[in-house]
Amino acid sequence: MKKDYSKLTLKDYFVVSSMLFALFFGAGNLIFPLHLGQMAGHNWLLATGGFLVTGVLLPLLSVLAVAVTKSKGVYDVGLPLGAGFALAFMVLIHATIGPLFGTPRTATVSYTVGVAPLLPAGWQTWGLVVFSALFFAAAFALSYRQNKIVENLGKLLNPTFLVLLFVVFFVAFLHPMGKLSLAKATTAYVNAPFINGFLEGYNTMDALAGLAFGVTVVTAIRMMKKNESVSVTTTKAGVFSMAAMGLIYLLLVMVGVMSLGKFKLSADGGIAFSQIVNGYAGTAGQAFLAVLMTLTCLTTAVGLVAAFAQDFHEHFPQLSYHTWLFLNCFVSFLTANLGLQQIIAWSVPMLMFLYPLSMVLIVLSVTSPLFNRDGRVYFAVVLFTVVPAFFDMVVSFPAVVSQSAFGQAVAAFRLHYLPLSALGLSWVVPALVGFALGVVWHVAKRRQTSRQYQVNLEKE
């Protein structure tokens, strides 16, 4: 049978873009922008600008990093620093966005925000057990056949989710709960709205997910068997899907700000979303939210478990793709039942450590043609980034770590010696210093090689 190697049509690009959007847009992408709007109040525009840097620009750059370096995933992005670093980085990324934090959160958030308010108080614990078991069984089934992931996400689940989400927007903007200009900002967002919005974007985990999803996206595009560059297709689809995500973030933030006209600042975005839909439609609104949350969380869970299984099968082939898939779903099910607050409390420190490393590797990958992907530049930047990132992680841990003698010593050292540490950005200046030193090292080595080449020519 003759294979179809024609170019991708506009419809094909739409499906790939829809798949990318579905992979990225999950639990945190709904609740964190809403909560950001409530915290930022009338300073919502500056806060949204910061959030879009880490919530949209960085994920887009992570997609471009995979395209520019022709990588298959997170392992290849770290490879200029050696196979050992690349493997360790891959395992840390997948553990964080996988069975330890990110993937369990997809089930726990959809249950806590959507389903739990519909159940009697005595059913909450067993309700989570049953819901998370069914949730990860569905994620396993939808990601079982790798060649069906594009179809399952891009053609089915994501379009349904978007229709439901825009119903929420239509109602919220047709009957606003309050005025954007009158909403009160919290202290943090009065003083530094952009920086706090920037840090809030960490919670989406999308910059990390973008690196991990590389293998899923590349595999899916190749299975379409079209005569089109994988890197070009990934780039075009990435730009389109991230633009759509940016627009939705903006609308969610505005809905969060307007909700302050009727409700007080919520403890988290999940509570805020539940209050908003209940305010408009009561129990029917809560049921609507349950469907909406489950759909968006399920699409992300499919991408996360598939990417985990694909990468781990490639680097640890003793176990099949399906075995890794099952193990990830099972461990994620167990972790999900620890509860949302525990998952978030312990995930934040890991994000404070991994996000700076991921950000510098993404930027280095995108700019790598300028210095021939020289491992020296990578080494200098990562070396100067990893220590302050570790300090940021320590002070972000729950009190059992951050308030210990070690934690307090790290906090004092960090505040005294590292610029921007009070803002949670102590890694920025060292990373820039590392980049400057790395480029100087690269240029010096290139000149040395050139001189040696000239000497050898003269000898001949």
Going through (1) out of contact with any Lys or Arg (no Cβ under 7 Å at 6 or more places or on another chain); (2) surrounded by fewer than 22 Cβ atoms within 10 Å (Cβ to Cβ) one by one, SER365 fails only at (2)
Expected single match for touching a Gly at 6+ places or on another chain (Cβ under 6 Å) and either at pLDDT 90 or above or within 27 Å of THR125 (Cβ to Cβ) (or both) among PHE384, PHE397, PHE333 is PHE384
For the stretch 205-214, indicate whether the set of residues that are on the phi > 0 side of the Ramachandran plot and in contact (Cβ under 8 Å) with a residue 60 or more places away in the chain is non-empty. yes
Return a yes/no flag: does the stretch 137-146 have any residue that is of a type in the set (Phe, Trp, Tyr) and not in a helix (DSSP H, G or I). yes
Looking only at the stretch 249-256, decide whether some residue is in a helix (DSSP H, G or I), in the same structural domain as VAL167 (by TED's automatic domain parsing), at pLDDT 90 or above and surrounded by fewer than 21 Cβ atoms within 10 Å (Cβ to Cβ). yes
Within the set of pairs 6+ apart or on separate chains, which have a first residue in the stretch 424-440 that is closer than 21 Å to ALA192 by Cβ, a second that is surrounded by 21 or more Cβ atoms within 10 Å (Cβ to Cβ) and of a type in the set (Gly, Ala, Ser), and C-beta atoms under 7 Å apart? TRP427/ALA389
Can you tell me which condition VAL150 does not meet? The list is (1) modelled with pLDDT under 90; (2) more than 29 Å from THR234 (Cα to Cα); (3) among the β-branched types (Val, Ile, Thr), and all the others hold. (2)
Listing of helices (runs of 4 or more DSSP H) fully contained in the stretch 14-120 that carry 2 or more residues being in contact (Cβ under 8 Å) with a residue 12 or more places away in the chain, in the same structural domain as ALA290 (by TED's automatic domain parsing) and among the polar types (S, T, N, Q): 27-40, 102-109
Of the residues in the stretch 314-326, how many are closer than 12 Å to VAL91 by Cα and in a helix (DSSP H, G or I)? 1
Return the only residue of MET90, MET39 being of a type outside the set (D, E, K, R), crowded, with 24+ Cβ neighbours inside 10 Å and within 28 Å of ASN337 (Cβ to Cβ). MET90
Could you tell me how many of the residues in the stretch 67-84 are at pLDDT below 80 and over 15 Å from the mean Cα position of the chain (by Cα)? 6
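The values are calculated or read from the model by the stated rules, or taken from the named source; none is laboratory data. Computed from a prediction, not measured in an experiment: that's the story for all the values here. Methodologically, a virtual Cβ is constructed for each residue, glycine included, from the backbone with ideal geometry; neighbour enumeration extends over all protein chains shown.
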